[in-house]
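The values are calculated or read from the model by the stated rules, or taken from the named source; none is laboratory data. Since the structure is predicted, the reported quantities are computational estimates derived from the model, not experimental observations. So basically every Cβ, Gly included, is an ideal-geometry build from the backbone, and we count neighbours across all protein chains shown.
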């Protein structure tokens, strides 16, 4: 008997494919060098700088560029802890009214049109700051706007030329019968609201003696009690008879 064997050959093919990997070339670097300003109410503003690259479009379109901050590492975005990054590529932002004597963790982010976030590097900043050696202020007296009809009243004014690193908590004018300002009277500016800024401030000197020379100078006091008088910018005003 003839037996017929049928042989079936099966060929196995090994197919390998590699999924295309899209490189994420987005970046947003926050610079470690920051600046600060101590506000009149004791809070601190921190000034940031950075640089971003939106990368390719494989991850969507960027709808917001900003900085996020918090008191713990790797802060994430919520409704009240961000500051918009301003600028075309090299950007800046200011974190306003931070609590004194705290540490804040900060990183920049890109918000995408699908609601996702890309976060950059993290830095940390302390608001435990002593500005006594770095702050500065320049002021000058302005010739009184008017000498009132009443000989015993003068509407005096000062101009702030520069405020660096810290706002004084008090600002005004001192006047005295003496050029060395012994027994000086202090008048607080009547139009100071918020931080001291580079503008003019006014105070009314009343109950003056007619036909008398008075010496005027600017006055400012910081939170630590330190005083500044605007250098030698003083004026002498004689009240009328």
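Would you call residue 194 in a loop (DSSP other than H, G, I, E, B) and either free of Cβ contacts under 8 Å to residues at least 60 places away in the same chain or touching a strand residue (DSSP E or B) at 6+ places or on another chain (Cβ under 7 Å) (or both)? For residue 194, the condition - in a loop (DSSP other than H, G, I, E, B) and either free of Cβ contacts under 8 Å to residues at least 60 places away in the same chain or touching a strand residue (DSSP E or B) at 6+ places or on another chain (Cβ under 7 Å) (or both) - is not met.
Going through (1) outside any loop (DSSP other than H, G, I, E, B); (2) at pLDDT below 90; (3) closer than 20 Å to residue 138 by Cβ one by one, residue 214 falls short only on (3). Filtering the stretch 111-127 to residues that are out of contact with any helix residue (DSSP H, G or I) (no Cβ under 9 Å at 6 or more places or on another chain) and in contact (Cβ under 8 Å) with a residue 12 or more places away in the chain leaves 111, 113, 117, 119, 120, 121, 122, 123, 124, 125, 126, 127.
Scanning the stretch 165-186 for residues that are free of Cβ contacts under 8 Å to residues at least 40 places away in the same chain and part of a strand (DSSP E or B) turns up 176, 185, 186.
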